[in-house]
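Heads up: the structure comes next, in structure tokens.
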Amino acid sequence: MYNPNLPLVYHPNYSFSFDPKHRFVVSKFARLKQYLEQQGVIQSNLQQGPVGNYSDLELVHCEQYVRDLYHNQLCPKAMRRIGIPWSKELMARTFTAPLGTYLTATLALKNGIACHLAGGTHHAHYDFGSGYCMVNDLAYTAQRLIDEQQVHNVLIFDCDVHQGDGTAAMLAHNPYVFTCSIHCDKNFPFRKQQSDLDIGLNPNVSDREYLSIVEATITDLIEQLNPDLVLYDAGVDVWQEDTLGKLDISWQGLEQRDYIVLTTCQRKGVPVATVIGGGYDKDHERLAMRHAIVIEQAAKI
């Protein structure tokens, strides 16, 4: 049923001891890995990226910001904007995950498709963090691949329910990266940035309209841009019962969305690397299962 050769990327430091009542579920990464193991998606196809450091992220972020973040020297107001209490464990995962997204992208370039069991921290800006996002793995990965001349152009296709404002702002003047965000317009962040293409949806949009928009958009963008790589943020907070969502997308709608994006990329011969993006749920096991959808869909292709 599942392709045992689908490249998957994970690091043990993604989850650590953390307040289980916090809205951001840090345990979801370990739970996701465990669920995929139980389903037979993870066999001998799991790779571990290197541990990162603040110096890695100076490629796209303000040097002073990432150093102050790493050493717990940000002011209280800046940490409140991020929304997660500082810890050494948090810094370890924060600076490791972008390297995992980069590794996933390189594996996608070789294999056609690859999935990261984390990533999608699209609210992080050049010199500040926001919305549980401290550093931007999508901007880092795209910029590094371009600098290394592994690709000429990248499409970041963001289907998280919240606009990828940090990604849009950080890459606004990069002609080699096209940012597209399909999100709920009346949702966080309330001060939007300008992506290359923004599609702001009204609250309570349901499957038929949503899937039609996603399919038309990814198809048109690939035809227009002919990208060397698609970085796909498969946020699952568009689900109708997500605590921060405001859209009305069913579980089956999530499955169809990911199938549409992945098969469109495959049909057009464009490598695609996936990240899990946002998802919020008091049922932590169910949240892990939601995040697994894009990886299960990839493993079926």
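Could you go through the stretch 211-221 and let me know if any residue there is touching a residue at least 60 places away in the same chain (Cβ under 8 Å), among the β-branched types (Val, Ile, Thr) and touching a His at 6+ places or on another chain (Cβ under 6 Å). Scanning the stretch 211-221, I find no residue that is touching a residue at least 60 places away in the same chain (Cβ under 8 Å), among the β-branched types (Val, Ile, Thr) and touching a His at 6+ places or on another chain (Cβ under 6 Å), so the answer is no. Residue 168 meets the conditions (1) in a helix (DSSP H, G or I); (2) surrounded by fewer than 24 Cβ atoms within 10 Å (Cβ to Cβ) in every case but one. The failed one is (2).
Residues of the stretch 120-130 include none that is part of a helix (DSSP H, G or I), polar (S, T, N, Q) and out of contact with any strand residue (DSSP E or B) (no Cβ under 9 Å at 6 or more places or on another chain). Consider the stretch 188-214 and keep the residues that are closer than 15 Å to residue 249 by Cβ and under 18 Å from the mean Cα position of the chain (by Cα). The one that is surrounded by the most Cβ atoms within 10 Å (Cβ to Cβ) is 214. For the stretch 215-241, filtered to residues that are of a type in the set (Val, Ile, Thr) and within 26 Å of residue 28 (Cα to Cα), the residue that is surrounded by the most Cβ atoms within 10 Å (Cβ to Cβ) is 238.
Looking at the stretch 126-141, is at least one residue modelled with pLDDT of 95 or more, farther than 18 Å from residue 70 by Cβ and touching a Pro at 6+ places or on another chain (Cβ under 8 Å)? Within the stretch 126-141 (the criterion being modelled with pLDDT of 95 or more, farther than 18 Å from residue 70 by Cβ and touching a Pro at 6+ places or on another chain (Cβ under 8 Å)), the answer is yes, since at least one residue qualifies. Looking at the stretch 41-105, the helices (runs of 4 or more DSSP H) lying wholly inside it that each contain 2 or more residues that are crowded, with 22+ Cβ neighbours inside 10 Å and under 22 Å from the mean Cα position of the chain (by Cα) sit at 63-70.
The values are calculated or read from the model by the stated rules, or taken from the named source; none is laboratory data. Given the structure is predicted, the values throughout are model-derived calculations rather than measurements. Cβ sites come from the backbone with ideal geometry, for glycine too, and all protein chains shown count toward neighbours.
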